[in-house]
1. Taking segment 40-71 only, how many residues are hydroxyl-bearing (Ser, Thr, Tyr) and either without any contact (Cβ under 8 Å) to a residue 40 or more places away in the chain or in contact with a Ser or Thr (Cβ under 7 Å, 6 or more places away or on another chain) (or both)?
2. Report whether or not Leu113 is under 18 Å from Asp32 (Cα atoms), open to solvent by 10 Å² or more (accessible area, probe 1.4 Å) and at pLDDT 90 or above.
3. Looking at (1) over 27 Å from Gly116 (Cβ atoms); (2) buried (at least 21 other Cβ atoms within 10 Å of the Cβ); (3) at pLDDT 95 or above, find the lone condition where Leu62 falls short.
4. Show the residue pairs that are 6+ apart or on different chains and have beta-carbon atoms under 7 Å apart, the first residue being within segment 100-127 and farther than 18 Å from Val10 by Cα, the second being open to solvent by 30 Å² or more (accessible area, probe 1.4 Å) and part of a helix (DSSP H, G or I).
5. Take the residues in segment 1-56 that are open to solvent by 60 Å² or more (accessible area, probe 1.4 Å) and among the β-branched types (Val, Ile, Thr), then tell me which one is nearest to the chain's Cα centre (by Cα).
Amino acid sequence: MDELLAQFVVEGRELVQQASDDLLALERAPGDRALLDRLFRCVHTLKGSAGIFDFAPMIRVLHAAEDLLDTVRRGSPIEGGATPARARIAAVLDVVGHCDDWIEAVAAGAGSLPAGAEAESARLVAALAGAAARTLRYTLT
């Protein structure tokens, strides 16, 4: 693995971990703007890093997640404010989990995303679109 790709793996793992932590924290503190902003930056940075290697399925799904998070940050009228819905958190968490799997595939020596990444990316983008359309507000139960 070349040095730049190795750096992508290291940074990708860190960004995935931070995004996962932020998503779980948002479940406990759904109105925390700083968490939401940090999560957005993680997704945005990971998307840019994937772009360096032209990992198109990863770029597409991260772009869709970034759009969803940006909508929440702006106070989506569907949402009624900046509080993320449970469905939105779950959809972005699913994206982050798949990005983690893809990064590990790259680290395992493939140097590319695994077979099936294209189809999985399409499924994830559709799930994000569905989560964006939901009107249920997140409430702690």
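1. 1
2. Values: under 18 Å from Asp32 (Cα atoms): no; open to solvent by 10 Å² or more (accessible area, probe 1.4 Å): yes; at pLDDT 90 or above: yes.
No, not satisfied.
3. If we test Leu62 against (1) over 27 Å from Gly116 (Cβ atoms); (2) buried (at least 21 other Cβ atoms within 10 Å of the Cβ); (3) at pLDDT 95 or above, just (1) comes out false.
4. These pairs meet every condition: Glu120/His98; Ser121/Arg60; Leu124/Asp94; Leu124/His98; Val125/Arg60; Ala127/Asp94.
5. Looking at residues that are open to solvent by 60 Å² or more (accessible area, probe 1.4 Å) and among the β-branched types (Val, Ile, Thr), I get Thr45.
The values are calculated or read from the model by the stated rules, or taken from the named source; none is laboratory data. Everything numeric in this text was worked out from a predicted model, so none of it was measured. Virtual Cβ from ideal backbone geometry, glycine too; neighbours counted across all protein chains shown. Areas reflect the complete protein model, heavy atoms only, side chains present, ligands, DNA and RNA absent. Shrake-Rupley method; radii C 1.70, N 1.55, O 1.52, S 1.80 Å.
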